[in-house]
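Just so you know, all these numbers are worked out from the coordinates, no wet-lab data involved. Worth saying up front: this structure is predicted, and the values here are computed from it rather than measured. We place every Cβ from the backbone using ideal geometry, glycine too, and count neighbours over all the protein chains shown.
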Amino acid sequence: MGDGRDAPISWLSTKEAAERLGVTLRSLYRFIDEGGLVAYKFGRVIRLQEADVESFIESSRIRPGSLEHLYPEVKGPSRVVHSMDPGRLAAEG
């Protein structure tokens, strides 16, 4: 039985990988440099395995409920009217 080493590796150029991810080359290089995306350097050429790019895409999936910080909850009026303060009621009413 084969261990998967016989299958040819599908390589992507940095341009192809950036296009696949829908990001700029600069962003792609940042992902590589920060260790989030695996890449290989052969001489002066950088290549990425298609499977690594697909894994990176899957690992970047947003969990539901994790973006709450982007849309603060709308709250009602913050002021409280005290019924025992007639001057405040007249000023606000």
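I'd like the Karplus ³J(HN,Hα) series for the range 16-23: coefficients 6.51, -1.76, 1.60, θ = phi - 60°, whole numbers in Hz, and an x wherever there's a Gly or Pro.
5, 5, 4, 5, 4, 7, x, 10
Can you give me the Rg/Rh ratio for the range 16-76, using Cα atoms for both radii and the Kirkwood formula for Rh? Let's see the in-between values first.
Working: Rg = 15.9 Å, Rh = 13.6 Å.
For the range 16-76, the value is 1.17.
Please turn the phi angles of the range 38-44 into ³J(HN,Hα) values with the Karplus equation 6.51 cos²θ - 1.76 cosθ + 1.60 (θ = phi - 60°), one per residue in order, whole Hz, x for glycine and proline.
Result, rounded to whole Hz: 7, 9, 10, 10, 10, x, 9.
Report the gain in length on full extension from Ile62 to Glu50: 0.36 nm times residue separation, minus Cα-Cα distance, nm rounded to one decimal.
2.2 nm
Suppose the Debye formula is applied to equal point scatterers at every Cα of the range 1-46; what is log10 I(q)/I(0) at q = 0.15, 0.17, 0.20, 0.27 Å⁻¹?
-0.47, -0.57, -0.71, -1.02
Quickly work out the Lys41-to-His69 label distance, labels modelled 7 Å from Cα along the C-beta direction, and quote it in nm with one decimal.
3.2 nm
With θ taken as phi - 60° and the coefficients 6.51, -1.76 and 1.60, list the Karplus ³J(HN,Hα) couplings across the range 26-34 in order, rounded to whole Hz; mark glycine and proline as x.
Along the range 26-34, the couplings run 4, 5, 4, 4, 5, 4, 5, 5, 7 Hz.
Based on the mean of other Cβ atoms within 10 Å per residue, sort peptides 47-60, 22-35 so the most packed one is first.
Values: 47-60: 14.6, 22-35: 12.8.
Ranked from most to least packed, the peptides come out as 47-60, 22-35.
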